[in-house]
Amino acid sequence: MIERLVHHERWLVLAGVVGVAALAWLDLWRRARGMMDMAMPEMEPWSLAEFGAILAMWLVMMIAMMLPSAAPMLLLFASTQRGRAASGHSFALVAFAAGYLLVWGGFSVAAAALQAILQQRMLLSSHLATTSVWLGAAVLALAGVYQLTPAKNACLLRCQSPLGFLLSRWRDGVRGALVMGMRHGAFCLGCCWALMVLLFVGGVMNLAWVAALAVFVLAEKALARGAWLSRVSGVALLAWAVWLVAHGARPS
């Protein structure tokens, strides 16, 4: 009976992750279509409402891209909560997810601010991809180098080992779950921030590029083991940066 409950709960958690991510992707698609018909602010400073709209877009995008890659951690956390017979384990799971997304909310603020700067300097296309060869190459090189660093590897290993994270950083209660979610989010941010900046290379509103990055993040964190995929991608990104400079071509 207990095994059936645990199995049922896992499916509920997975369905929740898939459902929220699917809604985020649907909203992102709607926003992308609407943005094509909307005049984007460029030279003039953004109003608070314009910044809020772009920030909301980034928040939705981070939910769509990053929440699926956190599914293994959320599933294990839910099972651990039930195994400890903790009261209010459903609220704790929500708190953990909220803490994780709160960290990516902070990244969204920085990304929206960066977008504002680039647009005001006329460095982004209508798909929000950089129009500068040198800027595109610099972003590719930055991401490529970071993929090869010990910091990337350290954060990636913690993302790849949900059990190790829970054993070493467990906190009881809803507040403890929120803190744990934020800490896991911090490791995830340390692992993936440079990959997210690549959105400005392929286009923030290029949903095929957004989906490709999301799939790569999921593969890197949940499917691959060790740092081999990061190293291969790092070399590939550096090669792409060199190719851009050599050919003088726009990155998108």
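Across the stretch 2-247, the volume of the C-alpha convex hull divided among the residues equals 120 Å³ per residue. Sequence-distant contacts, meaning Cα pairs under 8 Å at least 6 residues apart, place the relative contact order of the chain at 27 percent.
Applying both filters, DSSP loop and at most 15 other Cβ atoms within 10 Å, to the trypsin sites (Lys or Arg not before Pro) of the stretch 69-151 gives Arg84, Arg121. Net charge dipole, the chain: roughly 740 debye, given to the nearest 20, about the Cα centre with Cβ charges of +1 for Lys and Arg and -1 for Asp and Glu.
Quick check on the chain: helices-only [θ] at 222 nm, where DSSP H runs of length 4 and up contribute -39,500 (n - 2.57) each and the sum goes over total residues. Nearest 500, please. Mind dumping the intermediate values first?
Values: 11 runs with 194 residues, N = 252.
After summing the helix terms and dividing by residue count, I get -26000 deg cm²/dmol.
Placing unit charges on the Cβ atoms of the charged side chains and taking the dipole of the stretch 97-252 about its Cα centre, the candidate lying farthest along the positive direction among Val179, Pro150, Ser126 is Val179. Between Trp134 and Ala239, the distance separating the two model label sites (each 7 Å from Cα on the Cα→Cβ line) works out to 2.7 nm.
For the stretch 69-178, the relative contact order works out to 45 percent when only alpha carbon pairs closer than 8 Å and six or more residues apart are counted.
Placing unit charges on the Cβ atoms of the charged side chains and taking the dipole of the chain about its Cα centre, the candidate lying farthest along the positive direction among Trp209, Gly190, Gly226 is Gly226.
Read-outs throughout are calculated quantities, based only on the coordinates presented, and are distinct from any laboratory measurement. This is a predicted model, so every value here is computed, not measured. Note that we place each Cβ from the backbone using ideal geometry, even for glycine, and neighbour counts take in every protein chain shown.
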